Structure formats: C-alpha cells, structure tokens
C-alpha cells in the first residue's frame with residue numbers, strides 16, 4: 001500500500017493559511033487526498049479553505065469532508081465544487097452526507113437518505129450542464145465544471161448500501177475495529193450487488209481517528225478529540241449488535257454529555273468520558289509499532305484507502321510517511 005492510499009482529514013479549526021500548509025505537506029509527502037470538514041458554526045469555510053489549498057498543491061485530491069444538502073442549496077454546492085475543480089485542474093472530490101454537526105448546531109435535522117439520493121442525481125446533472133429538479137424548481141448551472149466524483153459519508157447500514165448503489169466512493173466511518181470494518185464493507189457490497197455494479201466502481205475509504213507518535217500516551221491523549229466525534233457518529237448510526245461487547249454503553253455515556261459546540265475538540269468535557277475501549281475501537285492511537293499491524297489487518301479486509309483525522313495532521317502525516325506506510 002503506497003502513500004497515495006492514505007488521505008488526510010482536516011478539521012479547519014485554524015487559520016486557512018495553516019490549513020494550506022497541511023495540504024502542501026500532504027502533497028509533498030505523496031498522500032492521496034485531503035478532506036476538509038464543512039461545519040459553518042464550528043470551523044472555517046470548507047470551500048474557501050480548499051480553494052487556497054488548490055493554489056499550494058499540484059497533485060493531491062481536494063475533497064469536502066463532508067458537506068450536506070441541508071445547509072447548502074444544491075445549486076450552490078454544484079457551483080462551488082465546479083469552481084474548485086476548475087481551479088485545481090480536475091482534482092476536486094465532492095464528499096457529501098446527510099449532515100451532522102453543521103445542521104445540529106443551527107437547530108436543523110439531517111437530510112433523509114431519499115433526499116441525499118435525489119441530491120446526487122441533481123448534482124450530477126448540474127455538473128454536466130443539464131437541468132435538475134431541486135425543491136420543485138428547474139435549476140441550471142450556466143457553465144459546466146466537468147466530472148467530479150461524488151463520495152458519500154456513511155456509517156449506518158442503509159446509508160452504506162445506498163452508497164454502494166449510486167456513489168462513486170464511500171468515506172465510511174465505523175471505527176477501526178476489524179469487526180466493525182467488516183460490517184461496513186459488507187453493507188457497501190450489498191448495495192453494489194443490488195445495483196449490478198462492479199466492486200471497482202465504488203472506492204472504499206475508511207475514515208478513522210489516528211495519532212501516531214513515539215510517545216504512546218501522548219498519542220492516545222491527542223486522539224480523544226476526533227475519537228469523540230467519530231464515536232458520536234457510530235453511536236447513532238451503527239447497529240449496537242454489530243459492536244464489540246461494552247462499546248455501546250461507553251458510547252452512550254459519552255454521547256449523553258456531547259457538546260456540538262466543541263465538536264471534535266480534545267478540550268471538551270465529553271472527551272474525558274472516552275474510555276480506552278472507545279479509543280481502540282474508533283481509531284489507531286499509539287506508536288508506529290502499534291499502528292503498523294492494525295493498518296495491515298484493515299487493509300487486508302478490502303479497504304482501498306484510509307483517511308486519517310487528528311488534531312495535529314502535520315505531525316501524524318510525517319510519522320505515517322516515515323515509519324508506518326512503508327511497512328503497510
């Protein structure tokens with residue numbers, strides 16, 4: 001597995017110039033893509049950050065990680081991603097899901113899967129320069145930005161199957177436990193078979209919390225922020241019967257205290273409720289010697305790529321590139 005099979009998830013909780021530095025380093029190290037979270041009440045704007053990243057990179061894919069059809073009108077999404085695709089020379093990827101922190105922090109509810117499916121067809125039409133029906137109105141984009149892959153963020157069984165049926169890829173967040181990853185892959189595969197597609201039609205990208213450091217305890221402490229975010233998603237989306245013993249109870253205790261205003265923050269009160277079981281199930285946090293066998297095991301299950309997300313992506317990227325990826 002080469003460096004390009006590793007992608008980097010970026011939480012834009014820092015100035016855009018710093019985000020661009022992370023993207024430039026990912027490009028230099030040979031990572032496959034960067035995925036910038038879109039949550040307007042918590043982070044900097046994802047599309048503006050990605051545009052700046054486009055000017056600092058030449059090879060890496062530039063993806064929303066992820067946007068949604070609730071807080072952004074589909075015509076706005078189509079225009080924004082087409083502009084990014086033009087600016088980057090065809091390197092844009094549209095990561096989209098039903099919405100979580102972006103919608104909950106402004107009192108809205110996530111989209112239904114039927115809405116996400118309709119949004120996918122509408123976005124493909126708009127990007128192709130064709131008319132689309134959006135909220136009962138015919139909408140057009142006056143210029144075509146070319147083909148942009150649409151990748152679903154998915155964790156629940158129905159969302160994973162829908163992704164297998166119609167998406168170009170799946171950024172699936174189910175944790176880093178082999179049993180949970182098998183559940184995710186099985187659900188995606190069911191959708192692929194239902195649609196009569198080939199397995200190669202859908203790229204499977206596993207999103208997971210990841211901090212790798214020479215100091216094991218420091219790595220585990222730094223992982224807590226994104227572990228909490230991933231754990232919240234898994235709690236409401238993944239069937240409890242597919243979880244390892246004790247995990248659902250640990251997730252429930254944390255989720256009852258979860259503060260979306262501090263989404264993915266290691267300083268949040270709810271981060272103190274993260275147990276060792278949650279850390280090890282949701283992510284990979286430890287030394288390179290800890291990380292290598294875990295990545296090998298997950299890659300062997302049929303994962304096409306990993307999207308590692310952490311509070312300090314520069315440090316983790318450098319350690320991964322030097323000490324983990326060559327051995328995976």
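The values are calculated or read from the model by the stated rules, or taken from the named source; none is laboratory data. Computed from a prediction, not measured in an experiment: that's the story for all the values here. Using ideal geometry, Cβ is built from the backbone for each residue, glycine included, and neighbour counts are taken over all protein chains shown.
Quick look at the numbers
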{"item": "Residue count, segment 165-193 (criterion: out of contact with any strand residue (DSSP E or B) (no Cβ under 7 Å at 6 or more places or on another chain) and over 18 Å from residue 235 (Cβ atoms))", "result": "10"}
{"item": "Filter pass, residue 278 being modelled with pLDDT under 95, more than 18 Å from residue 171 (Cβ to Cβ) and surrounded by 24 or more Cβ atoms within 10 Å (Cβ to Cβ)", "result": "yes"}
{"item": "Strands (runs of 3 or more DSSP E) fully within segment 102-155 counting 3 or more residues that are surrounded by 14 or more Cβ atoms within 10 Å (Cβ to Cβ) and touching a helix residue (DSSP H, G or I) at 6+ places or on another chain (Cβ under 7 Å)", "result": "150-154"}
{"item": "Members of segment 297-317 found to be in a helix (DSSP H, G or I) and under 20 Å from the mean Cα position of the chain (by Cα), listed by number", "result": "298, 299, 313, 314, 315, 316, 317"}
{"item": "Residue match in segment 89-101 (condition: surrounded by fewer than 18 Cβ atoms within 10 Å (Cβ to Cβ), more than 18 Å from the chain's Cα centre (by Cα), at pLDDT 95 or above and outside any loop (DSSP other than H, G, I, E, B))", "result": "no"}
{"item": "Test set (1) over 16 Å from residue 152 (Cβ atoms); (2) touching a helix residue (DSSP H, G or I) at 6+ places or on another chain (Cβ under 7 Å) - residue 222 fails condition number", "result": "(2)"}
{"item": "Check on residue 166, surrounded by fewer than 21 Cβ atoms within 10 Å (Cβ to Cβ) and in contact (Cβ under 8 Å) with a residue 40 or more places away in the chain", "result": "yes"}
{"item": "Only listed residue being part of a helix (DSSP H, G or I), at pLDDT 95 or above and surrounded by 14 or more Cβ atoms within 10 Å (Cβ to Cβ), chosen from 251, 185", "result": "185"}
{"item": "Options 34, 19: the member that is under 18 Å from the mean Cα position of the chain (by Cα), farther than 20 Å from residue 171 by Cα and crowded, with 19+ Cβ neighbours inside 10 Å", "result": "19"}
{"item": "Leading residue by the ranking (modelled with the lowest pLDDT) among those in segment 207-228 that are surrounded by 24 or more Cβ atoms within 10 Å (Cβ to Cβ) and assigned to a helix (DSSP H, G or I)", "result": "225"}
{"item": "So residue 176, is it touching a helix residue (DSSP H, G or I) at 6+ places or on another chain (Cβ under 9 Å), within 23 Å of residue 297 (Cβ to Cβ) and surrounded by 21 or more Cβ atoms within 10 Å (Cβ to Cβ)", "result": "yes"}
{"item": "Unmet criterion (only one of (1) modelled with pLDDT of 90 or more; (2) touching a helix residue (DSSP H, G or I) at 6+ places or on another chain (Cβ under 7 Å); (3) assigned to a helix (DSSP H, G or I)) for residue 204", "result": "(3)"}
